[in-house]
1. Evaluate the following for Ser260: is it at pLDDT 95 or above, under 30 Å from Gly341 (Cβ atoms) and either under 22 Å from the mean Cα position of the chain (by Cα) or surrounded by fewer than 15 Cβ atoms within 10 Å (Cβ to Cβ) (or both)?
2. Given (1) over 25 Å from the mean Cα position of the chain (by Cα); (2) of a type outside the set (Gly, Ala, Ser); (3) at negative phi; (4) assigned to a loop (DSSP other than H, G, I, E, B), where does Glu353 come up short, assuming only one miss?
3. Among the candidates Ile21, Ile70, which residue alone is at pLDDT 95 or above, touching a Phe, Trp or Tyr at 6+ places or on another chain (Cβ under 8 Å) and in the same structural domain as Leu135 (by TED's automatic domain parsing)?
4. All but one of (1) of a type in the set (A, V, I, L, M); (2) assigned to a helix (DSSP H, G or I); (3) out of contact with any strand residue (DSSP E or B) (no Cβ under 9 Å at 6 or more places or on another chain) hold for Leu440; which doesn't?
5. Mind checking whether some residue in the stretch 351-360 is crowded, with 20+ Cβ neighbours inside 10 Å, in the same structural domain as Pro441 (by TED's automatic domain parsing) and either more than 27 Å from Met416 (Cα to Cα) or among the hydroxyl-bearing types (Ser, Thr, Tyr) (or both)?
6. Does Asp51 count as surrounded by fewer than 16 Cβ atoms within 10 Å (Cβ to Cβ), at pLDDT 95 or above and either more than 24 Å from Phe155 (Cβ to Cβ) or touching a strand residue (DSSP E or B) at 6+ places or on another chain (Cβ under 6 Å) (or both)?
7. Can you confirm whether the stretch 280-294 contains a residue that is surrounded by fewer than 23 Cβ atoms within 10 Å (Cβ to Cβ), in contact (Cβ under 8 Å) with a residue 40 or more places away in the chain and among the small types (Gly, Ala, Ser)?
8. Of all helices (runs of 4 or more DSSP H) completely enclosed by the stretch 23-135, which ones contain at least 3 residues that are closer than 20 Å to Leu392 by Cα and within 20 Å of the chain's Cα centre (by Cα)?
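The values are calculated or read from the model by the stated rules, or taken from the named source; none is laboratory data. Here the structure is a predicted model, which is why all the values come from computation and not from measurement. Counting neighbours? That spans all protein chains shown, and the Cβs are built from the backbone with ideal geometry, glycine included.
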Amino acid sequence: MDRGDTDTTSTTATSFKVVLINPYELGRQSFNLAAPAALLKAAGCEVACLDLTLQKLEPDTLRDCGLVAIHLGMHTATRIAIAALPKIRELAPNTHLAMYGLYAPMNADLLRALGVHTLLGGEFEPELVALAERLRDGDTSPQTTPLIQLAKVTFLQPDRSGLPKLNRYAHLNLPAGGKKVVGFTETTRGCKHLCRHCPIVPVYQGKFRTVQVGVVLADIEQQVLAGAAHLSFGDPDFFNGPGHAMRVLQAMHQRFPNLSFDATIKIQHLLDHADLLPRLRDYGCLFITSAVESVDDAVLDYLDKNHTRADFERALSLCRACGIFLAPTFVSFSPWTTLAGYLDLLGELLRLELVEAVPPVQLAIRLLVPQGSYLLQLPGFPDRLKAFDPMLLGYPWKHTDPRVDALQLQVMSTAMRMEDAPRSEVFRIIWQLAHAAAGLPTPTLEHANFGETIASLSEPWYCCAEPTEQQLQSF
């Protein structure tokens, strides 16, 4: 196999310690710690990794480090990172603080005000290595490089040796019972689409970059050897480059024919590349996550999703015909949500027999409007927003119908409180809450068909949800 890796054991005369921190990544072992760790070690740095999902900020890990670099891949991670900064500064008062990932450039002013020295977005690895080398050489001058780098990265095989074992991360729950250890990798970054609410868009602006096939395969192999029986592809959209994706899958399946996988694919891509779905099934695809977001065509137009409600239903039919589960995600509450529209969403999930395919938290997600969001370009939309709130990391909004905001809080509270309950049971309560909010009698669900239980990851949270108290316990 073309492993795409080189010797990562080189050292220099001067040791320089880098600590890479992952606040949160949906319960998965982070590619975005493992990939830079390999490159930093190849440059002669001593590297320690901390995953705050499973580990705590320990004095010994941060002692004598010259650089702390924190990955901000999503809203939840950024909120946790900001909350952790005082403890990091206490344990490493003289270290250079860097943050990298999607949310670093989007929140540049706020993060600099909090004492972060360097911010890197996009394809961050080369500049992160260059920063470590400059600091090692005694150069502590302020950042002059652009916040966002999009030049193609030549990766090495990700170094996962410093991360907790795979079996400590989120696992796969199988429909018939049983579990699988899950690996996680990425074949692409960025996205060629411009969905207005997506945090990827302000950084990549319609571009995407690939990870070399040999590197991906080597990363898969090392995770299989570490116990992975299922692989979750973390690409924002696995079919941004369908040819690249299929080359990876073909080689993966030849090498590991019993390895199952899941991926995230846009509804538009499922329709455009429907001919590839049987091959996905044959290569081991158990389910596809797709950001459906809404079943209201007007809302989908505001979000610039490039699909309709009818497209969603067609994509669902195509997946089912191939024996692949579709797991839709939603932004259920937005300034355009009405109580009638929310009831319509619940009714659609019932009609399509998708209740068991949707984690209840998906029915509570509230639209976040971060810095740089393309939603701000919608005529009149900024008028709906309050001033940017650094605690929220976004522009707050209040619905014109207070019943909608009240319902969102009730649904979120229910989803969090009943996280371990059967999805159908939680849905019944949400169904009652929604009808009560609208002042309507609650139709019986006595003979409802909630659909098949699908394979799903044990971490049901969502990248744009608020962090929980449990997630903040690592510091």
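1. No, not satisfied.
2. That leaves (3) as the condition not met.
3. Selected residue: Ile70, the only one of Ile21, Ile70 that is at pLDDT 95 or above, touching a Phe, Trp or Tyr at 6+ places or on another chain (Cβ under 8 Å) and in the same structural domain as Leu135 (by TED's automatic domain parsing).
4. (2)
5. No, the stretch 351-360 contains no residue that is crowded, with 20+ Cβ neighbours inside 10 Å, in the same structural domain as Pro441 (by TED's automatic domain parsing) and either more than 27 Å from Met416 (Cα to Cα) or among the hydroxyl-bearing types (Ser, Thr, Tyr) (or both).
6. no
7. yes
8. Correct list: 75-91, 103-106.
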